[in-house]
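Okay, structure first, notes after.
The values are calculated or read from the model by the stated rules, or taken from the named source; none is laboratory data. A quick note: this is a predicted structure, and the numbers were derived from the prediction, not measured. Every residue, glycine as well, gets a Cβ built from its backbone with ideal geometry; the counts of neighbours run over all protein chains shown.
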Amino acid sequence: MRKMKYELPKGVTLEIIDDDAHRKDRQDSAFYTWYDSNNVAYLTYEDREYSITCVGEMRIHYKNQVIRYCDDLVNAGIKNDKDLAKIDEEGGEWINNSWFEVYDEVNNAYTGEVYHTVQDAIESVANWIVKEEVNA
C-alpha cells in the first residue's frame, strides 16, 4: 500500500481522523461511508478550522448483495479504488453514492463545497482556506 502525500500551502495543518485517508488507493468517498456522517480530516489555518466529512447514503447492487457501508465493500472483495471501478464492469449498479462535504467549525455550518475524493477535498480546502484568510 502506498501512502498518500497531500500538498498543502505553508501554515495549513492537516489532522487525519480516518486512517484510510493515508492510503493512496482508497480516495473515493465509498471507503468512508459508515452508518452516519464520518469526519475524515481537519484542516486549520490561523483561526479557521474546517472538517472534511463523508455524508450521504451509499447503495450498490453487486453480485446479489446490497452494499451500503465501507465494511460491506471490503467483505465483497472491493478493497481499493481500482476494485471499485470494476463494479459497473462486472454488472453492479450504483443506486446512491456518498460524497465529502466541508464543515466550517468556527461558524458551525456546512460551506456547500462537495467533493468525491479525499485528495480533492483536502487539497482544495487547504488552498482556499489560505486565500480566504488573505482576502478577509
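List of remarks:
- For the range 30-40, the criterion of a residue being over 17 Å from D18 (Cα atoms) and either in a loop (DSSP other than H, G, I, E, B) or small (G, A, S) (or both) is satisfied by no position.
- Residue that is nearest to the chain's Cα centre (by Cα), among those in the range 83-121 that are among the aliphatic types (A, V, I, L, M) and under 22 Å from Y35 (Cα atoms): V118
- Residue within the range 129-136 that is part of a loop (DSSP other than H, G, I, E, B), among the hydrophobic types (A, V, I, L, M, F, W, C) and modelled with pLDDT under 95 present: yes
- Just so you know, in the range 31-40 the residues that are surrounded by 17 or more Cβ atoms within 10 Å (Cβ to Cβ), touching a residue at least 24 places away in the same chain (Cβ under 8 Å) and in contact with a Phe, Trp or Tyr (Cβ under 9 Å, 6 or more places away or on another chain) include one that is nearest to N97 (Cα to Cα), and it is T33.
- Count - residues of the range 41-96 that are within 30 Å of W128 (Cα to Cα) and in contact with a strand residue (DSSP E or B) (Cβ under 7 Å, 6 or more places away or on another chain): 17
- For N97, the criteria (1) touching a residue at least 60 places away in the same chain (Cβ under 8 Å); (2) under 30 Å from K10 (Cβ atoms) hold in every case but one, which is (2).
- Matching option when the condition is touching a Phe, Trp or Tyr at 6+ places or on another chain (Cβ under 6 Å) and surrounded by fewer than 19 Cβ atoms within 10 Å (Cβ to Cβ), among V106, V125, V114: V114
- Filtered residues of the range 95-107 (kept if outside any loop (DSSP other than H, G, I, E, B) and not acidic (D, E)): I95, N96, W99, F100, V102, Y103
- Flag if V66 is touching a residue at least 40 places away in the same chain (Cβ under 8 Å) and among the β-branched types (V, I, T): no
- Filtering the range 1-17 to residues that are free of Cβ contacts under 8 Å to residues at least 24 places away in the same chain and either under 18 Å from T111 (Cα atoms) or surrounded by 17 or more Cβ atoms within 10 Å (Cβ to Cβ) (or both) leaves nothing.
- Among the residues making up the range 45-82, those that are crowded, with 16+ Cβ neighbours inside 10 Å and either of a type in the set (S, T, N, Q) or part of a helix (DSSP H, G or I) (or both) are S51, T53, C70, D72, L73, N80, D81.
- Within the range 83-94, the set of residues being modelled with pLDDT under 95, part of a helix (DSSP H, G or I) and of a type outside the set (A, V, I, L, M, F, W, C) comprises K86, D88, E89.
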